[in-house]
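Structure, as structure tokens:
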Amino acid sequence: MQKRFLTYLKSEIGLQSDHSVLLAVSGGIDSMTLMHLFEHTDFTFAVAHCNFQLRQKDSDGDEKMIYDYCKSKNIPFYSKRFKTKEIARERNISTQMAARELRYTWFDTLLNEHAFDFLATAHHAEDNLETVLLNLVRGTGVRGLKGILPKKGSLIRPLLFAERSDIEACAKANGIVWREDSSNSKTDYKRNFIRHKVTPLLLELNPSLHKTFQHTAGRMAMVHDFYESSFASFKEQRITVTNDGYSLNKVDFFNHSNRVFVNQWLEDIGFDYQLIKSALLDPEIISGSVFNGKDYSLLIDREKVFVCRTESQRLIETFIDENEQYIDLEGYRFRIETISEFPEKRDLQNQKQAFLDKAKLTFPLLIRNWKEGDRFKPFGMSGKKLVSDYLIDHKIPLHEKKKQLVLLSGDEIVWLVNQRISNDFGINKTTESILKIELIV
């Protein structure tokens with residue numbers, strides 16, 4: 001097994017002679033065998049053990065056994081105790097989830113503090129099979145079928161090539177000492193249920209199940225790599241990052257050939273798969289439809305689909321005195337100045353700038369969110385128009401409408417910010433004093 005182990009480390013994981021590895025060792029047969037195999041290599045390694053204090057004296061016994069062993073072999077050893085149940089209650093998560101978060105956070109700390117190149121866990125072939133079966137039951141999609149990868153970032157699994165029987169044979173042949181975790185025999189954990197109830201039945205159908213699965217897992221890993229590469233290309237080519245989220249063309253969103261990538265993208269940013277399946281991928285959905293995910297809202301517009309971060313409506317209502325030079329609001333900054341020289345044509349056409357006849361203004365001015373029923377007289381028109389109609393006519397996306405601001409003098413809207421000024425407050429060649437307000441952020 002030692003030879004197969006070395007071959008796997010170099011060919012599948014790509015471990016090199018100058019790499020250092022931190023081994024996650026629990027005290028069970030798998031991790032103790034992993035440590036034994038590393039002992040018979042030239043790689044630099046150390047051991048880390050988490051005591052979750054879940055099994056009282058047994059947990060302390062695991063820690064002491066590994067400590068004594070490492071001390072006798074002069075292997076660098078790190079350990080840490082966690083109040084796992086207490087932390088699980090505080091975070092309102094399961095004990096298993098709390099233990100996972102605690103150990104990997106601590107492992108990351110050790111990797112950084114001691115400059116280890118990799119963290120190695122003792123997952124083996126059966127663990128991989130159980131993971132895929134669990135993912136099938138949970139419905140995790142394409143990514144769940146890949147199972148456990150030999151290498152993911154700084155995390156490596158050097159025993160994925162080995163079956164449980166291989167590990168047991170190695171441990172017995174080399175007199176490896178380990179401790180059994182009594183919780184492994186219980187079937188109230190989902191993974192243990194798969195291990196003790198489901199896998200034995202599958203083995204009756206195919207006694208070579210584990211070998212067969214290893215071949216399948218290898219193929220699925222290649223499919224996964226191709227899928228992730230294609231998905232990355234789709235996001236780069238089709239999805240545009242905006243100030244408050246993302247956008248993509250409606251045609252691309254509803255294109256059936258893009259469906260698997262659209263599904264994946266929406267799931268990644270927190271949308272529920274059932275919502276995606278039942279509603280979001282229906283091309284008959286009308287423009288203006290809104291769907292809410294955990295952190296984002298999806299807006300179906302005329303030609304584009306916008307995905308914006310969910311946030312409470314920003315209520316803005318700020319007065320501007322005559323001598324103000326800058327106004328800072330949440331997400332906006334305005335520069336204000338009085339000028340006498342008539343602006344260039346290109347400046348007048350810049351929607352981020354408003355040039356107003358100062359003599360017609362009553363201070364303080366007010367800048368606020370637009371409201372239903374707001375009306376103004378767009379520059380170049382003689383009659384008034386509802387702000388809502390103006391925004392619709394100019395095809396302003398729904399998520400932009402929600403953020404639209406108006407500038408008022410008294411009760412009159414003088415500027416639909418970033419859109420158009422009011423005809424009643426415009427300037428001409430005879431205007432003596434011009435108030436210039438510019439949206440600079």
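The values are calculated or read from the model by the stated rules, or taken from the named source; none is laboratory data. All values derive from a computational prediction rather than experimental measurement. We place every Cβ from the backbone using ideal geometry, glycine too, and count neighbours over all the protein chains shown. The area values use the complete protein model at the heavy-atom level, side chains included, leaving out ligands, DNA and RNA. Shrake-Rupley method; radii C 1.70, N 1.55, O 1.52, S 1.80 Å.
Go ahead and set up a Gaussian network model of the chain, Cα springs under 10 Å, then flag whichever of I148, I286, I167 fluctuates most.
Most flexible of the set in this elastic network: I286.
Give the cross-link partners of K294 among the aspartates and glutamates, using a straight C-alpha distance below 14 Å as the criterion and excluding same-chain residues fewer than 8 apart.
Within the straight-line cut-off, K294 pairs with E267, D268, D272, E311.
Provide the per-residue ³J(HN,Hα) series for region 86-100, in order, calculated from phi with Karplus coefficients 6.51, -1.76, 1.60 and θ = phi - 60°, each as a whole number of Hz, with x at glycine and proline positions.
5, 5, 4, 5, 4, 8, 6, 10, 5, 4, 4, 5, 4, 4, 5
Kindly state, to the nearest 0.05, the FRET efficiency for R89 paired with T109, given R0 = 25 Å and r defined as their beta-carbon distance.
Values: r = 23 Å, r/R0 = 0.93.
According to the calculation, E is roughly 0.60.
On average, how much accessible surface per residue is there in the chain, in Å², for a 1.4 Å probe, leaving out ligands, DNA and RNA?
Each residue of the chain exposes 56 Å² on average to a 1.4 Å probe.
Ranked highest first by the average count of other Cβ atoms within 10 Å around their residues, in what order do 51-57, 408-414 fall?
408-414, 51-57
Is it possible to state the helix-based mean residue ellipticity at 222 nm for the chain, with each DSSP H run of 4+ residues giving -39500 (n - 2.57), the sum divided by total residues, to the nearest 500 deg cm²/dmol? What is it?
Details: 15 runs with 158 residues, N = 441.
The helix contribution divided over the chain gives -10500 deg cm²/dmol.
Going through the cross-link list K83/K277; K80/K197; K277/K304; K83/K172; K190/K250; K358/K401, which pairs have a Cα-Cα distance over 31 Å in this structure?
Cα-Cα > 31 Å for K83/K277; K80/K197; K83/K172; K190/K250; rest within.
Mean projection of the alpha-carbon convex hull of region 319-440 over all orientations, in nm²?
Approximately 7.3 nm², given one-decimal rounding.
Any idea what the dipole of region 162-307 comes to, in debye rounded to 20, about its Cα centre with Lys/Arg Cβ at +1 and Asp/Glu Cβ at -1?
The dipole magnitude comes to about 420 debye.
Cα centroids of region 1-76 and region 99-142: how far apart, whole angstrom?
Spelled out, the Cα-based centre of one part sits 15 Å from the other.
For region 156-164, in order, what is each residue's ³J(HN,Hα) by Karplus, 6.51 cos²θ - 1.76 cosθ + 1.60 with θ = phi - 60°, in whole Hz (x at glycine and Pro)?
10, 10, x, 9, 4, 6, 9, 8, 4
Mind checking which aspartates and glutamates have their Cα closer than 20 Å to the Cα of K385? Skip sequence neighbours fewer than 8 apart in that chain.
Qualifying aspartates and glutamates at Cα under 20 Å: E372, D374, D393, E400, D411, E412, D424.
Per q in 0.06, 0.09, 0.11 Å⁻¹, report the Debye log10 I(q)/I(0) for the chain, using one uniform scatterer on each alpha carbon and no solvent.
Rounded to two decimals, the profile gives -0.47, -0.78, -0.94.
Starting at the first residue of region 247-257, write each ³J(HN,Hα) from the Karplus equation 6.51 cos²θ - 1.76 cosθ + 1.60 with θ = phi - 60°, in whole Hz, x for Gly and Pro.
In residue order, the calculated couplings are 8, 8, 5, 4, 4, 5, 4, 9, 5, 4, 5 Hz.
Evaluate the distance, in nm, between pseudo-label points positioned 7 Å from the Cα of N249 and of S287 along their respective Cα→Cβ axes.
Placing both labels 7 Å beyond Cα along the Cβ direction yields 1.6 nm.
Please express the Cα-Cα pair-distance distribution P(r) of region 73-218 as a list of whole percents, one per 5 Å bin, running from 0 to the bin with the greatest distance.
2, 7, 12, 18, 20, 19, 12, 6, 2, 0
Mind giving me the nanometre distance, one decimal, between the label points for Q2 and E432, set 7 Å out from Cα along Cα→Cβ?
Using points 7 Å along Cα→Cβ, the separation is 10.0 nm.
Considering only C-alpha atoms, what is the centroid distance from region 154-183 to region 368-441, in Å?
72
For F77, enumerate residues with amide H under 5 Å from its amide H, sequence gap 5+ or separate chain, H modeled in the peptide plane.
Distant-sequence amide H within range of F77: V47.
Ranked highest first by the average count of other Cβ atoms within 10 Å around their residues, in what order do 365-371, 391-397 fall?
Going from most to least packed, we get 365-371, 391-397.
Taking only Cα atoms, what is the 0 to 90° angle, nearest 10, from helix 29-39's long axis to the longest principal axis of the chain?
So the inclination is approximately 90 degrees.
Averaged over all directions, how much area does the convex hull of the C-alpha atoms of region 160-308 cover when projected, in nm²?
Answer in nm², one decimal: 13.8.
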